[in-house]
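Reading through the structure tokens given below for one structure.
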Amino acid sequence: MNPLTGKKIILGVTGCIAAYKSCLLVRELVKNGADVRVVLTPSASEFVSPLTLSTLSRNKVIQGIFPAQKGPVVEADPWHIEYGLWADLMVIAPASINTVAKMAMGFADNALTTLVTARRSPLLVCPAADVDMYEYPLTQRNLKLLEDQGAYILEAESGELASGLTGKGRLPATGKIVEAIKLILYTGSTQKDLAGRKVLVTAGPTYEDIDPVRYLGNRSSGKMGFEIAKAAWLRGADVTLVAGPSSLALYPEITRMNVRTADQMKKAVEENLTEDTILIMAAAVADFTPSAPGEKKIKKAETAPVIELRFTDDILFSLKERPKKLAVGFALETDNEEQKAVDKMHRKNLDMIILNSLNDTGSGFEYDTNLVTMIERSGEKVKTGLLTKTEIAHKILDKIVTKI
Ligand code: CTP
């Protein structure tokens with residue numbers, strides 16, 4: 001089931017050019033089954049139409065604290081108390097630096113800031129501004145204050161800004177905001193439980209060259225490893241992803257090292273592994289590689305060529321004595337699965353092994369879903385249901401958090 005289905009979300013929109021992106025966010029949340037109510041600051045409606053947001057959210061939009069009636073009869077409408085009790089989560093996207101400052105100081109001078117003080121739900125703040133406004137020391141201090149008060153801050157991204165300047169200040173992509181929302185709803189917390197941790201993930205296949213044109217590869221899409229890297233970043237970790245050939249996208253804050261072969265992957269992992277690293281080897285590393293790849297394209301001859309192979313180094317095995325915080329491996333098995341996975345965990349000196357079985361429908365290569373068994377050194381085993389790879393990533397990280 002989608003974690004957004006039936007969830008009650010208040011979206012606060014403030015006056016900044018990224019306000020137009022709030023329409024896409026509302027659309028995405030509604031498509032995922034959430035009930036969305038929008039609250040605007042007075043300047044937000046200079047950038048985006050309340051009617052657009054009302055149409056997309058299929059709910060009324062609040063843009064003032066006071067009732068509209070000006071005649072002899074006035075009826076009180078303490079909507080902010082009702083909204084504050086109703087919501088599972090309040091999201092401010094985009095949050096202008098003015099609203100960030102007001103929220104940090106506890107102001108309640110418009111509908112949005114009033115609701116921030118009246119809510120009982122967690123708060124997700126997605127700031128956006130031009131680079132100098134974003135990096136203004138008081139803005140940074142206010143964001144820190146909000147975080148210290150328990151808000152989840154989804155930092156702005158670097159890139160080209162509406163002004164034409166380049167720097168930090170862009171509202172994160174809609175998909176990333178949605179993932180942060182799902183994370184907070186899933187954990188029921190705004191705490192970044194991997195803050196200050198170093199996570200090194202490998203993902204994807206490796207390609208072992210036969211000649212300049214052909215290669216030996218495997219069917220891994222890389223999705224599981226990419227989802228782990230993104231989930232770990234959202235949970236506050238400093239993440240490096242060593243990726244075999246894959247066209248999947250990543251958050252810009254994650255350091256990505258693209259490699260092609262098993263040998264290159266081994267080198268990249270070795271270079272990045274320190275004693276405080278949590279290593280998660282989700283890559284499907286080739287076990288064999290051509291011993292002598294052709295320098296020129298192998299031409300068709302009378303007899304088919306015989307390609308001689310050599311073993312590649314087993315990356316995890318070669319690092320089994322290297323100090324590290326934690327090592328997690330994956331095992332893909334087709335028979336006698338659990339025993340083989342446990343043997344692998346011990347042979348490679350891992351703290352945990354994630355067993356994928358090709359016998360389970362909907363799991364493994366090319367699927368967006370997966371079903372795994374997490375096996376720990378203590379012998380504890382947990383089999384997940386069939387979940388999205390993002391959800392599996394969080395389940396694995398939940399286990400890791402209990403071990404560090
Ligand atoms: N792995 C590795 N280096 C390799 C091959 C695999 O570090 N050269 C890692 C994988 O990333 C995974 C774990 O070892 O985390 C198990 O990989 P898997 O392919 O299931 O097992 P192998 O050790 O290669 O054994 P086999 O193919 O015989 O099952």
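Quick one: in segment 147-167, of everything that is open to solvent by 60 Å² or more (accessible area, probe 1.4 Å) and not in a loop (DSSP other than H, G, I, E, B), which residue is farthest from residue 135 (Cα to Cα)?
So, considering only residues that are open to solvent by 60 Å² or more (accessible area, probe 1.4 Å) and not in a loop (DSSP other than H, G, I, E, B), the one farthest from residue 135 (Cα to Cα) is 148.
Taking into account only those residues within segment 207-216 that are assigned to a loop (DSSP other than H, G, I, E, B) and touching a strand residue (DSSP E or B) at 6+ places or on another chain (Cβ under 6 Å), which is least open to solvent (accessible area, probe 1.4 Å)?
210
Checking the structure you have, find out if any residue of segment 6-26 is open to solvent by 80 Å² or more (accessible area, probe 1.4 Å) and closer than 17 Å to residue 180 by Cα.
yes
Out of all the residues in segment 175-192, which are part of a helix (DSSP H, G or I) and out of contact with any Leu (no Cβ under 9 Å at 6 or more places or on another chain)?
Passing the criteria: 175, 186, 187.
Starting from segment 244-271, keep only residues that are within 17 Å of residue 200 (Cβ to Cβ), then list their pairs with residues that are part of a loop (DSSP other than H, G, I, E, B) and acidic (Asp, Glu) whose Cβ atoms are within a distance under 7 Å, requiring at least 6 positions of separation or different chains.
That search, which allows pairs on different chains as well, returns 266/313.
Among all residue pairs at least 6 apart or on different chains, which show Cβ distances below 7 Å where the first residue, located in segment 104-119, is farther than 15 Å from residue 84 by Cβ and the second is among the charged types (D, E, K, R)?
109/102
In segment 132-146, which residues are open to solvent by less than 50 Å² (accessible area, probe 1.4 Å), touching a strand residue (DSSP E or B) at 6+ places or on another chain (Cβ under 7 Å) and either assigned to a loop (DSSP other than H, G, I, E, B) or not hydroxyl-bearing (Ser, Thr, Tyr) (or both)?
Result: 143, 146.
Show me the strands (runs of 3 or more DSSP E) found entirely inside segment 285-404 where at least 1 residues are open to solvent by 80 Å² or more (accessible area, probe 1.4 Å), within 12 Å of the ligand (Cβ to nearest atom) and touching a residue at least 40 places away in the same chain (Cβ under 8 Å).
Details: elements: 288-290, 309-311, 326-333, 352-357, 372-376, 381-383.
Strands (runs of 3 or more DSSP E) meeting the threshold: 288-290.
Would you check which residues across segment 80-101 are touching a helix residue (DSSP H, G or I) at 6+ places or on another chain (Cβ under 6 Å), surrounded by fewer than 21 Cβ atoms within 10 Å (Cβ to Cβ) and not hydrophobic (A, V, I, L, M, F, W, C) and list them?
Result: 80, 84.
Would you confirm, using the coordinates I've provided, whether residue 50 is outside the structural domain of residue 87 (by TED's automatic domain parsing) and surrounded by 15 or more Cβ atoms within 10 Å (Cβ to Cβ)?
Spelling it out, it is not the case that residue 50 is outside the structural domain of residue 87 (by TED's automatic domain parsing) and surrounded by 15 or more Cβ atoms within 10 Å (Cβ to Cβ).
If I ask for residues that are open to solvent by less than 20 Å² (accessible area, probe 1.4 Å), part of a loop (DSSP other than H, G, I, E, B) and more than 21 Å from residue 172 (Cβ to Cβ), which ones from segment 217-253 would you list?
Matches in segment 217-253: 222, 244.
Pick from segment 258-284 the residues that are in contact with a strand residue (DSSP E or B) (Cβ under 8 Å, 6 or more places away or on another chain) and over 20 Å from residue 220 (Cα atoms): which of them is farthest from the ligand (Cβ to nearest atom)?
276
Among the residues that make up segment 350-365, is at least one of them modelled with pLDDT of 85 or more and either acidic (Asp, Glu) or not assigned by TED's automatic domain parsing to the domain that holds residue 282 (or both)? Spell out the reasoning first.
Of segment 350-365, the ones modelled with pLDDT of 85 or more are 350-356.
Remaining after also requiring either acidic (Asp, Glu) or not assigned by TED's automatic domain parsing to the domain that holds residue 282 (or both): 351.
Within segment 350-365, one or more residues are modelled with pLDDT of 85 or more and either acidic (Asp, Glu) or not assigned by TED's automatic domain parsing to the domain that holds residue 282 (or both).
Of the conditions (1) buried (at least 19 other Cβ atoms within 10 Å of the Cβ); (2) outside any helix (DSSP H, G or I); (3) not hydroxyl-bearing (Ser, Thr, Tyr), residue 68 fails just one. Which one is it?
For residue 68, the failing item is (1).
The values are calculated or read from the model by the stated rules, or taken from the named source; none is laboratory data. What you see is a predicted model, and the numbers here were worked out from it, not measured in a lab. Note that each Cβ is placed from the backbone with ideal geometry, even for glycine, and that neighbours are counted across all protein chains shown. Remember, those area values only see protein heavy atoms, side chains included, never the ligands or the DNA or RNA. Shrake-Rupley method; radii C 1.70, N 1.55, O 1.52, S 1.80 Å.
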